[in-house]
Each structure stands twice: as structure tokens, then as C-alpha cells.
1. If the requirement is being under 20 Å from N746 (Cα atoms) and buried (at least 16 other Cβ atoms within 10 Å of the Cβ), which of these qualifies: E789, E841, E835, E828?
2. Against the conditions (1) open to solvent by 10 Å² or more (accessible area, probe 1.4 Å); (2) modelled with pLDDT of 90 or more; (3) more than 30 Å from V650 (Cβ to Cβ), where does R543 fall short? Just the number, please.
3. Scan segment 724-731 and give yes if some residue there is surrounded by fewer than 17 Cβ atoms within 10 Å (Cβ to Cβ) and under 23 Å from P896 (Cβ atoms), otherwise no.
4. Criterion first (at pLDDT 90 or above and closer than 21 Å to A408 by Cβ) does C511 satisfy it?
5. If you go through segment 799-806 one residue at a time, do you hit one that is buried (at least 16 other Cβ atoms within 10 Å of the Cβ) and assigned to a helix (DSSP H, G or I)?
6. Out of curiosity, is Y198 open to solvent by 40 Å² or more (accessible area, probe 1.4 Å), aromatic (F, W, Y) and either on the phi > 0 side of the Ramachandran plot or in the same structural domain as K259 (by the TED database) (or both)?
7. Scanning for something open to solvent by 10 Å² or more (accessible area, probe 1.4 Å) and of a type outside the set (F, W, Y), does segment 208-216 turn up at least one residue?
8. When you look at G671, is it outside any helix (DSSP H, G or I) and open to solvent by 40 Å² or more (accessible area, probe 1.4 Å), yes or no?
Amino acid sequence: MALSSSISPCYSCKLSSNPPLLRRTYLKAKGKKMAAFNRTHPFSLLQLQCSPFLNSKWERAELKFGIRAAVTSEEYLLDGAIESSQLPRGDSWSVHKFGGTCVGTSERIRNVANVIVQDQSERKLVVVSAMSKVTDMMYDLIQKARSRDDSYLTALDAVLEKHKLTAIDLLDGDELASFLSRLHHDINNLKAMLRAIYIAGHATESFSDFVAGHGELWSAQLLSSVVRMNGVESKWMDTREVLIVNPTSSNQVDPDYLKSGERLEKWYSKNPSMTIIATGFIASTPQNIPTTLKRDGSDFSAAIMGALFKARQVTIWTDVDGVYSADPRKVSEAVILKTLSYQEAWEMSYFGANVLHPRTIVPVMQYDIPIVIKNIFNLAAPGTMICRSTDNEYEDGQRSVFPVKGFATIDNLALVNVEGTGMTGVPGTASDIFAAVKDVGANVIMISQASSEHSVCFAVPEKEVKAVADVLESRFGQALSAGRLSQISVIPNCSILAAVGQRMASTPGVCATFFSALAKANINIRAIAQGCSEYNVTVVVKREHCVRALRAVHSRFYLSRTTIAVGIIGPGLIGGTLLDQLKDQTAILKEKFNIDLRVMGIIGIDSMILSGSGIDLSRWKELLSQNGEMPDLNKFVQHVGENHFIPNSVLVDCTADSHIASQYYDWLHRGIHVVTPNKKANSGPLDQYLKMRALQRQSYTHYFYEATVGAGLPIISTLRGLLETGDKILRIEGIFSGTLSYIFNNFMGTKAFSQVVKEAKEAGYTEPDPRDDLAGTDVARKVIILARESGLELQLSDIPVQSLVPEPLRATASAEDFLLQLPQFDLELSKQRQEAEDAGEVLRYVGAVDVVNGKGTVELRRYNKEHPFAQLSGSDNIIAFTTERYCKQPLIVRGPGAGAEVTAGGIFSDILRLASYLGAPS
């Protein structure tokens, strides 16, 4: 029977008032009588008094309250020798740990008891945390008492009531009476302790740990009683009687495994049981002073006990299905990891992943005890096993293909950079820097140093950075003044992103893939660190980019879909057709090509619609008309382009608007990809074009515009392919207008030119005003685009254009008036057609780029009927590339060059090309 470490003052006075050389105590245990102890026995050394608050010296309060009196009867044989029961260690034991959420209510405690009862292990040790929020309540009690806030008494009553009501709901009979008796006893002791703290206005760490650990005592007793009521014999263990730790700092302790093992043997000799319910979080110092394993230390407790018992397995029960490859709140595609090595779990816990207490791994590693993370609320989930890795790592029967197991982030950091040429080759500079940081108690999360020793940078929590900067400037003030150090700078608002995986060390190209994914998501890296073990690669990024960076690298390594946020500008004929094509292909792209295109916004002249997860494309017209809001291009771009949960975004401009085209540079600069059939940007002012192309070449932001020249035809890609493979372009010539192609393919026989134009308009081949086609400006823009792609720096004004709109009709008020008056001018074109026919030729409206002479033209020309340009039908386009390789016979590209379907198809093709560049399988 263990003597409680919480001894009431009125009982303790019996101890202190007895003769000094031989003290007697009445043990509160059935069947026990008075026992005598000599002066060296700990019971003889108790210095408890009935009223410690009357003492004038605060330092003695710790002794009076029995913080040093946490002794156990296992250390000393009472009433003679007691038969001991040797502790069996090994695989017969399984260890379970249940966190606060698992025992947060009476119903959840019942569920935990059922799990324990149904576990088929021969022997079970269960480590339990305090009920949910109770530890916080206990620390709040200490804070209130220390602040001399009288409400600590009310708060303590709330703690009592919570556990009392839980006990009444769970227990009955002797179990209930016994628990309530212990609970009231503990509450009275706490009340006295808190009163002492209240009077002094101060609480030592020992006092705080003593108070805070009571939640575990109560939850362990409750659970043990419920297990017994389920018909399973159970003993509860106050681990302060067993677990000995040596405090090493204010937030860390080291277990003493030798002494703890000896105490465990003694405890078990008095309390043999097949099922033991132990308190987590709490322990004792070698001086028997109650302490804790610090916040979130219950996992650590379970691992230590697993090592002491040499258990078969330690199961950590929590409220998630296992360890995720990334935070599922930030990465919806995160997957449950079936296995992790000890080293991988260690790294992920250090970098903030919600895996385990960072030191939990250490105790079990030496005995190869696996740790399993399971969900108490989803017993069917297999969970994650943390164990020693093997050379052959399998998942689902196949060797794992992922060199990176998981990704973790740490937010709210600042980067401190110490820089100066005077650091180079000077021994002890780094030591001096980090000694100064240690002096202010700051925690260094990551360190990066250039091999030149010119600079050292390190990351610290943002709340500590001011103190760090101040102490460094003070410590190195002379070096700064003398110029040996050039600056001590702080970069705020940073986050750390870490990639963790044991197989990274044996897999070439991991870093290249990691940094490529970040670059393609337009993430700028501020600092990099990698240990020689290669278990992790760590980068520092801007805080606002952290989630996007996390999603980008996770997507790249985990074969989760290449997800792209799409914004459609201009849902007219072409934009609407593209949306319909996207609707028809989205499911196929996801299933077969791992591409997830999510239309996050649609904006037109009168309305726009935004979505946080993706617009239902089967209803986009209905949603735009019924749920649309006033169009705001800036808001639209921000919504699509700065979506933190999708790393890649593209704006698709399906308009012919020059104002929208002028925004491309800004969008690209912000890391938003652009796809467009709009010719205005590439044929606009030369300086803007050159600036935009320079940005595109310097960054990982993509700008695709295949549909600007040949609708769905591969004109731009063919030209680039020729140039990139070293060919030299001599001349490009083609029929670039589907409208004018149709008109001149049908301008034959006795048909008048005006009649053919009218038929083309009625068939939908022309713009609403046919003069927009006949003026040749559209063809001139395509000529400019091809000229610039070929390396010529031409302006639109440099291209002579033969307009087919008669001079007198260029100012006509409407398209209808133009068509009514056009027949008056048929004679001239009919004459040209006849002359061509008489010569065995045809008329064709063409654009040409003379690269050799650096000029371009747009005009009506005559071609022999055997020429490829004479063989067209309908609205086909044709382009001929004359190069050094294709000199005698030009390279011909021919096909439909107009129409909403083919133009939308060309845009769609560019979107898929973008997806391929961003990592989707091609």
C-alpha cells in the first residue's frame, strides 16, 4: 500500500510530534498496525506541520507540504518481509497510451475501457492523460493563485465538479465512494497548496508540477475503476512512485532508467496485475519531488514505460487515423503513412508535425519496440507504425516509391542574418553568435552558413527575435563599428518547410525535384539547410507562401494530382466553348492523367462568379447569371492567383481586350501563369512585349499563346521547335485568317465579292462587323507575332497592310450599311479575279514575314493553281516555313484556322501543356 504523496496537515502533525529517535505512524490501510522507524527512515525525516502558512520563510513551505515526501512503501518493508512478485518483462506486455481527447468525457472513458478489455494481449499497461482541458485548468489555477486572484477557489470547484460528475456517471457502489473520497482529499490538499501560492504570490516549479499532475491521477483512477467494473482485474499506478527523471532544463527531463527499473520492480512486487493503468505526464526527481515530463509528455511516459517493460508494442491512441504525409488541414490530398522509421518520425515531430512528443522515439529505439498511432474514434483504421526501417520497405506489398515520407511546416519564425567579411577565417565567431543567443534563452530552429563563412543565418521564433537582435547588436557592437561585421538583419514573417524521408539519402535527384516543385509554384527560398544524414531538407520561405509551397512539394512527390486553379476571363463564344470542353474532360484528366483542373472563377462584362473549391461546370451559365456578382478584375485575379490551397494558378484570357492584355506582365510577375488566344499583348507595344518575354524567360511562370496565330494549329510550337533545334528561319508566309480564307476560297465563277462576304457573315465566319476582318489588321497582328518570335523587333506600324474595305466605306456607321453599299465596289475585285483566272492563278489574302530582310507584309496575292495555297477549302489556314533546312520545299502546317471549337481546343491544349510543365505526366 503506497503512502500518498499528498498528506493532509492534520494527519502530518501526528508524524512530526512524535519522539525524534523513534516515530510511529498510523497507516491508513486495512489490517495494518503501528510501525516503528529509526531516525534514518524517510518517515522520520518528514518535516510536515499542521499549519505551514504561519511560517515566515517561504522556502520552508516546499518541505512542509510534502513535496519532498513523495515516498512509497515499496522502498521499505512494512510489518516485516512481504513476499515479492517478480516483474515479467518482454513481449507479453503491450503498452497503450490514451490522450486527453480519448478520455474527455465519461462516454469516451467507457470506450477506452472497452478497448482495454477487448485487447487480447496477455498483459497490458495503459498510460492515460488527464481529461481533455484539465491540465490547462490546473495551470490556470496556479496562475490565478500566483496573481492573487480569488477566483482560483471557484476554478478549483469547477475541477472538482467535472471529475465528480464524471465519476457519478461511470461508477457506483464502493468504487464510486472510494474515488470520491480520494478526490475530496486531493482537492483539500490542493486548496491548501494554492492558498500558500496565493499568499506568497509565487509558485516554484515543483509546486506547479505537483498541482498540474493531479489530472492524470484522477483519470487513471477513474479508468482503472471502470475496467474493474467490466470484469477485468486492474491496478492503477501513480508513476511518481516509479518513474525517476533528472530535470535538465525548464522544459526537458532525462529519465533515469536504472532507478526507475528498480522502483518498478518494487512497485510490481506489491501490486502484481495483468492490467495496470498508469498516469502519464508525471514523475519524480531523485529527491522524490514530484515533477512532470513537461507539456505533451504523456507520449513520452508511454515510451519510457514501454522500454522499462520491454513491451511488444506501444500504441498511441489519438483522434486521427495515423500520421499524415502533410497537415491534412493544409493539404487535402495528404495520405496516411502506413510505416515510418524512428528517424523519420523524429524529424517530423521536431518540425512541428502532429506525430509524437519529440523525445518519445528515444526510449523504444534501443529495444526495437514499434509505436503504432491509432484513432480511438475509428478502430477500423490501420494507423501508422513507427519502427526500425529495413532495406526493403514495402507498402501494400510493393516497394515504396516515395523517397520523401512526409512534409512539415513551422510558422511564425524570423530569420536572423549575421554578415561580414570580418567573419571569414576567424575562429569562434559562430560560437560567440550562438552563445549570445543562448544567453537570452532563444530557441534556434535552423542554421545555415555559407562555406565562405561570410554570413551565418538562423531561424528563431518570431516572439524571440527582438531579444536576439538586441543582444547580437550589443555583443558585436564594436565589430559593427569597425566594419568587420557589415550587418545584423532580421527577416520577419517566415516559415520553415521540411521534407523528411530516410530513403532520401540513397535516391538521387530528391533535392532537384524538391526545389523544382517550389520554383514552378513561384516560391522564393530564403535559406536552405540539409544534414549529412539526408533525412531532411529544410527551407525557409515567406509565411504567406508556406501553404502553397507545402502543397506544391507534396503534390510533386505523392503522385497526388497536379492541381491547377483556373480563372476564365471572357465566357463568350470561345470562353464558353472552352468551359464546355473542360466540363467534358475533367473526370478523364483526373483519372488517366492525374490532372485536376479546378475553375475557381469566371468573369465576363456584366458578372463574375468565384468559388473556393471549384465551379460546377455543368451549371456554369446558370450560376453566372443567378449567383454572379459585379465584375471586379482585381478581386478576381487575387481569388484565383493567391489561393493558398492550390499551388498553381492560371488565368485564361479568352477576350480580344487590349486592357486585359496589358495586365499579363503583372500577373506573370505575381507567379500566375497565363494562357490566351488574345493577340493584343504579343502584337502591342514592342517594349512591353520584350519586357514580358524577358520576365517569362527569367522565371518559372509560363505564358502560352498558341491560339493567337492559328487557333488550334501548332504554329507557334512549330516555329519554336525549328529555332530551338538550330534551324534558321528565312521566310514565313501564310493564310492566317479563316474568314478571308473562306471568302477567297468561294470567290470564284460569277459570284460577286459582296455576295461572298454576306454569305460568310450569315455562316458565322466573320466578326459582327465584317470590316474587322477585311481591314487585315487581325492578319497583321499575327504577322507581328511570328516576326517577333523569329527575332525581329517590329511594330505593328512597320507592317504595310492592304485593306479590302473600300476607302469610302471605312467610316460607314454600321455593319448593315456597309454590306448594303459594298456591291458598288465589286467591280475592282472582280477584275482582279478575272485576270488571275486568265493566268491560271487564284487570289489569296496572305501575310508574310521576310526574316532575311527584316520586314513583313499583308496583301492580296496571286498563286498558281498548283500552289498549296490554292488547294484550300472552307476556312482552312495554311502556313509555310522556309528555313535553311526546309529551303527547297517549305514546311507546311495546314488545318482549320477559325471557329470556336478549334480555338478553344488550342487553348485547352496550352492548359494541358502547362500541367505537363508543372509535373503532370505527359
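1. Working: E789 fails: under 20 Å from N746 (Cα atoms); E835 fails: buried (at least 16 other Cβ atoms within 10 Å of the Cβ); E828 fails: buried (at least 16 other Cβ atoms within 10 Å of the Cβ).
Of the residues listed, the single one that is under 20 Å from N746 (Cα atoms) and buried (at least 16 other Cβ atoms within 10 Å of the Cβ) is E841.
2. Result: R543 passes all but (3).
3. Quick first cut of segment 724-731, residues surrounded by fewer than 17 Cβ atoms within 10 Å (Cβ to Cβ) only: 724-728.
Those still in the list that are under 23 Å from P896 (Cβ atoms) too: none.
No: segment 724-731 contains no residue that is surrounded by fewer than 17 Cβ atoms within 10 Å (Cβ to Cβ) and under 23 Å from P896 (Cβ atoms).
4. On the way: at pLDDT 90 or above: no; closer than 21 Å to A408 by Cβ: yes.
Taking the combined requirement at face value, the residue does not satisfy it.
5. Checked segment 799-806: no residue is buried (at least 16 other Cβ atoms within 10 Å of the Cβ) and assigned to a helix (DSSP H, G or I).
6. Working: open to solvent by 40 Å² or more (accessible area, probe 1.4 Å): yes; aromatic (F, W, Y): yes; either on the phi > 0 side of the Ramachandran plot or in the same structural domain as K259 (by the TED database) (or both): yes.
Answer is yes for this residue.
7. Yes, there is a match, as at least one residue in segment 208-216 is open to solvent by 10 Å² or more (accessible area, probe 1.4 Å) and of a type outside the set (F, W, Y).
8. On the way: outside any helix (DSSP H, G or I): yes; open to solvent by 40 Å² or more (accessible area, probe 1.4 Å): no.
Answer is no for this residue.
The values are calculated or read from the model by the stated rules, or taken from the named source; none is laboratory data. This structure is a prediction, so every number in the text was calculated from the model and none was measured. Counting neighbours? That spans all protein chains shown, and the Cβs are built from the backbone with ideal geometry, glycine included. The accessibility values were calculated without ligands, DNA or RNA, using every heavy atom of the protein model including side chains. Shrake-Rupley method; radii C 1.70, N 1.55, O 1.52, S 1.80 Å.
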